[in-house]
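See structure below.
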Amino acid sequence: MSTPVSGTARNRAGSPARPVRLGLAENWPQFTLLVVVNACVGGMVGLERTTTSLVGTRVFHLAGYLAVFSFIVAFGVTKALTNLAAGQLTARHTRKSLLVAGWVAGLPVPFMLAWGPAWGWIVAANLLLGVNQGLAWSMTVNMKIDLVGPRNRGLAMGLNEAAGYMAVGATALATGYLAAAYGLRPVPELIGVGYAVAGLALSVLVIRDTAAHVAAEIATHPDSGPQAAHQAPAAGTAGAPRKPFSTVFMETSWRNRSLRGASQAGLVNNLNDGLTWGVFPLLFASRGLGLAAIGLIKGVYPLLWGAGQLLTGRLSDTLGRKPLIVAGMLVQAAAFPAALALPSRALVAGLASAVLLGAGTAMVYPALIASVADHTHPSWRAQGLGVYRFWRDLGYAVGAVIAGLVAGAFGLSAAVVAGGALTLLSGLLAARWITGNHSRL
């Protein structure tokens, strides 16, 4: 699981420090700690998967679907912009400092969700949650990629995303049962206090920065000059010629065919996730399911999504990124009609849809991140990943807006159909645009 790439880190005085080696085996203690931190990150967003739409309708008595889904719009836009900023901020700040900043932003969130006196407090909590997720999740992704180097990126992302989304699912399941026993607020949301405190403490006390690992990879990268081996790391990503941000943005968003394909697939993947996040609790509640059953549906989806990535991340290293991305989008598309197939057996339909969504997303998620890493130079990879994650997480907001508009005009079932159609189209575009694991940088 290792790679022979190595280098020599330098301390603050500029003198040589201990040699740096890249690889999962060589860096397993820090990698494992980052997995634990990302589980805490995922748990924070899992707080809202089952209950928050219902809080909007039952506690604050919101009438319009777009108003109910406004918390997802706030979360998606803020997380997307934070992802974009995070890529830029790595040029001036260390990964660790940005990780800590993300956790500071997340500390008030569970308290605002639990006791906010008006819907505006819930929306504001999601603005902070977007900053928390954008900084903390982005940094765990970048730091794991830094540690493992060019080999086994799919496996690394599978482990990272598995930890995060299994925590999403377990928390969604737990909040459903707690809500059924104690009400929609405040007990279910207070799970988040443990996540926030643990995530911040680990990030401050035991996580180490990975700038030296980036320097070691740059030193041996084919597009790096021989002088790179002798450069001391900068604050974030070890000084090397960097592309202007506007160039990175256009390269990741459109000019590079594979990065374009990954960016649109990421956007639509989170579009359908945002749509189901808002719509499914209301849809299945309208079909007679209780909070525990809704929590089961909302928990199974990210649990399978997370656990599946333990396999699919590694498979993307061996089979290639594109087959998993395209197949995963098509499996997700099939999940939407499944949710509507048995209106008289809503729990069966919901679980069938959750299984398909979970399996399809598990195929797509680590392969997309690894594909972006494959097609970006290490000197601007953090920026490229930030742009990709901007488009991907903007999908939450786009999905919530589409769900609100379509459901308001035609009903919740029509919103589900729209999600399936858009996911199918995205899979076909991914098949057309995404190439192999390597590209001209």
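The values are calculated or read from the model by the stated rules, or taken from the named source; none is laboratory data. The shown structure was predicted, so the numbers you read here are calculated from the model rather than taken from an experiment. All Cβ positions, glycine included, derive from the backbone under ideal geometry; neighbour counts span all protein chains shown. Heavy atoms of the whole protein, side chains included, go into the accessibility calculation; ligands, DNA and RNA do not. Shrake-Rupley method; radii C 1.70, N 1.55, O 1.52, S 1.80 Å.
Taking the accessible area of region 157-206, probe 1.4 Å, and keeping the other protein chains in place, the carbon and sulfur fraction comes to 77%. In this Cβ point-charge picture (+1 for Lys and Arg, -1 for Asp and Glu), region 44-196 has a dipole of about 320 debye about its Cα centre.
Mind telling me which of 166, 139, 112 comes out most flexible in a GNM of the chain, alpha-carbon contacts under 10 Å? The residue with the greatest mean-square fluctuation here is 112. Considering only 115, 347, 308, and ranking their Cα positions along the charge dipole of the chain that arises from unit charges at the beta-carbon of Lys, Arg, Asp and Glu, the one farthest toward the positive end is 308.
Using the Cβ-Cβ distance between residue 201 and residue 93 with R0 set to 30 Å, the FRET efficiency works out to roughly 0.90.
Would you list which lysines come within 29 Å of residue 243, measuring only between C-alpha atoms, while excluding same-chain residues fewer than 8 positions from it? Candidates past the 8-residue exclusion: 79, 96, 144, 322.
Computed over the chain with a Gaussian network model linking Cα atoms closer than 10 Å, the most mobile of 36, 204, 100 is 204. For the options 198, 215, 118, a Gaussian network treatment of the chain with springs between C-alpha atoms closer than 10 Å singles out 118 as fluctuating the most. Each of residue 428 and residue 63 was given a label point 7 Å from its Cα along the Cα-to-Cβ line. The distance between the two points is 4.0 nm. Rounded to the nearest 20, the Cβ-based charge dipole of the chain about its Cα centre (Lys and Arg +1, Asp and Glu -1) stands at 580 debye.
Protein-only accessible surface at a 1.4 angstrom probe places the residues 301, 195 in the order 195, 301, largest first. To put it simply, the accessible area of region 44-145 at a 1.4 Å probe is 75 percent carbon and sulfur. At a probe radius of 1.4 angstrom, the accessible area of region 48-123 per residue rounds to 35 square angstrom. Surface exposure of region 286-362, expressed per residue as accessible area with a 1.4 Å probe, stands at 36 Å². Reported to the nearest whole Å, the Cα centre-to-centre distance from region 357-433 to region 304-323 is 17.
For region 401-417, the Karplus equation 6.51 cos²θ - 1.76 cosθ + 1.60, evaluated at θ = phi - 60°, returns couplings of 5, 4, 4, x, 5, 5, 5, x, 8, 10, x, 5, 5, 5, 5, 5, 4 Hz by residue, with Gly and Pro reported as x. Under 5 Å from the amide H of residue 20 lie the amide H atoms of 7, 8, 9, each residue being 5 or more positions distant or on a separate chain, with H modelled from the backbone and absent for Pro and chain starts. At a 1.4 Å probe radius, carbon and sulfur cover how many percent of the accessible area of region 237-396? Roughly 72 percent of what the probe reaches on region 237-396 is carbon or sulfur.
Under a model in which nothing but the beta-carbon of Lys, Arg (+1) and Asp, Glu (-1) is charged, region 289-438 shows a dipole of about 80 debye around its Cα centre. Average accessible surface for region 128-194: 23 Å² per residue, computed with a 1.4 Å probe over protein heavy atoms with every protein chain in place.
With point charges of +1 on the Cβ of Lys and Arg and -1 on the Cβ of Asp and Glu, referenced to the Cα centre of region 17-174, which listed residue (53, 27, 85) lies farthest in the positive direction of the dipole? Among 53, 27, 85, the one farthest towards the positive end of the dipole of region 17-174 is 27. Backbone amide hydrogens, once placed in the peptide plane, bring residue 210 within less than 5 Å of 95, 96, excluding anything fewer than 5 places away on its chain. Scaling the Cα radius of gyration of the chain by the globular reference 2.2 N^0.38 Å produces a ratio of 0.94.
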